[in-house]
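Report on one structure; see the data block that follows.
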Amino acid sequence: MQARFVSLRGKKLTSGNVALYLNRQENGKHIKRYLDKSILSIETDENVKVRNQETIKRARTIADEALEESGNKHGYYYTLQVLAKHISLYSGKNAKLQQVDKDYILGFISYLKIAKNFNYKRTGLKR
C-alpha cells in the first residue's frame, strides 16, 4: 500500500540547527525519512538566510513529489488551488486564456521562482 499522508517536518539538533525530514504514513505506521543536505542553520547573516531559503525550497519540492507519488487526491486538489492562486496573483483576477503565450509562460516561471510557497493552510481557501 502506498503512503497516503506526507508532511515536511523538522527536528531541532543540539547545535541549534534543524534537520528536515519527510513524515509519511504507510500501512498505519509513521515513517521518518531525513533529507540529505537539508539542514537549516542558525541565521547569523544574509548568506545563511539565503541558503536556508534554498534548502526549504528544495525540501518542499521533495515533499510535493512524495505527496504526488502517494496518490493522495486531497493534496492534488490543494495543489491545483494554489496554482490558481498564483495565476491570479501573477495575472490579476481577470486572466484570460488568450493571454497565454511563450512570453507569458516564461514570465510566470520567473514569478514562481521568487513567489511565496503557499500550502493549503495559507491559501485562504476553505477545505
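The set of residues in region 11-40 that are under 16 Å from Asp64 (Cα atoms) and surrounded by 14 or more Cβ atoms within 10 Å (Cβ to Cβ) comprises Leu20, Tyr21, Leu22, Asn23, Arg24, Gln25, Leu35, Ser38.
Restricting region 89-126 to residues that are modelled with pLDDT of 85 or more and of a type in the set (Gly, Ala, Ser) leaves a set whose member that is nearest to the chain's Cα centre (by Cα) is Ser110.
The values are calculated or read from the model by the stated rules, or taken from the named source; none is laboratory data. Please read these numbers as outputs of a predicted model, since none were measured by experiment. Every residue, glycine as well, gets a Cβ built from its backbone with ideal geometry; the counts of neighbours run over all protein chains shown.
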